[in-house]
Amino acid sequence: MSLVRTGPNGTVTIPDGVLVAIAVRAAESVDGVKVRRRRSVDVESRVVRLELTAPRTAPLVPLGESVQGAVATALQTMCGLETTVDLTFEDVE
């Protein structure tokens, strides 16, 4: 589902694929994190879901919190969308 914002000059539509791309780019900006194929942004419930691979030696909880912050900030800054970010670490490398 697309994010649609209506303002005084018309509407701005941001498709789901663009929201996912922003979330993936933000998550992968955290050192060593890779996003796996399963990922989604639910506009109605304002939830991002990502499956990740982490570096083998990384402490997962602080790493996950860094990813959550990066993703939430990116979507808020670029789209005005406040979200929660649910993560699953599927693998370590």
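The values are calculated or read from the model by the stated rules, or taken from the named source; none is laboratory data. Just so it is clear, the model here is predicted, and its values are computed rather than measured. Note that each Cβ is placed from the backbone with ideal geometry, even for glycine, and that neighbours are counted across all protein chains shown. Quick note on the areas: whole protein, heavy atoms, side chains included, nothing else; ligands and nucleic acids left out. Shrake-Rupley method; radii C 1.70, N 1.55, O 1.52, S 1.80 Å.
Calculated from DSSP H runs of 4 or more alone, at -39500 (n - 2.57) each and per residue, what is the 222 nm mean residue ellipticity of the chain, nearest 500? Please report the intermediate quantities before stating the final value.
On the way: 2 runs with 33 residues, N = 93.
After summing the helix terms and dividing by residue count, I get -12000 deg cm²/dmol.
Please give the FRET efficiency for Gln76 paired with Thr53, using the beta carbon to beta carbon distance and R0 = 35 Å, rounded to the nearest 0.05. Can you show the working numbers first?
On the way: r = 25 Å, r/R0 = 0.72.
Once the sixth-power term is evaluated, E becomes 0.90.
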When the accessible area of the chain is computed with all protein chains present and a 1.4 Å probe, what percentage of it is carbon and sulfur? 50 percent
Between Ser2 and Asp31, what is the spin-label point distance in nm, taking each point 7 Å from the Cα along the Cα→C-beta axis? 4.0 nm
Reviewing (1) 14.5; (2) 13.2; (3) 13.5, the figure for Kirkwood radius over Cα pairs in Å actually calculated from this model sits under (3)
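Considering only DSSP states other than H, G, I, E and B, which GluC sites (Glu not before Pro) in segment 1-57 qualify as loop sites with at most 14 other Cβ atoms within 10 Å?
Details: sites: Glu28, Glu44, Glu51; in loops: Glu44.
Filter output for segment 1-57: Glu44.
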Given a cut-off of under 8 Å on Cα pairs at least six residues apart, what relative contact order in percent is computed for the chain? 28 percent
Connecting C-alpha atoms closer than 10 Å in a GNM of the chain, tell me which of Arg56, Arg39, Arg25 has the biggest fluctuation. Arg56
Solvent-accessible surface (1.4 angstrom probe) belonging to Ile14, in square angstrom, nearest 10: 30 Å²
Label-point separation (nm) for Asn9 and Glu93, each offset 7 Å from Cα along Cα-to-Cβ? 4.1 nm
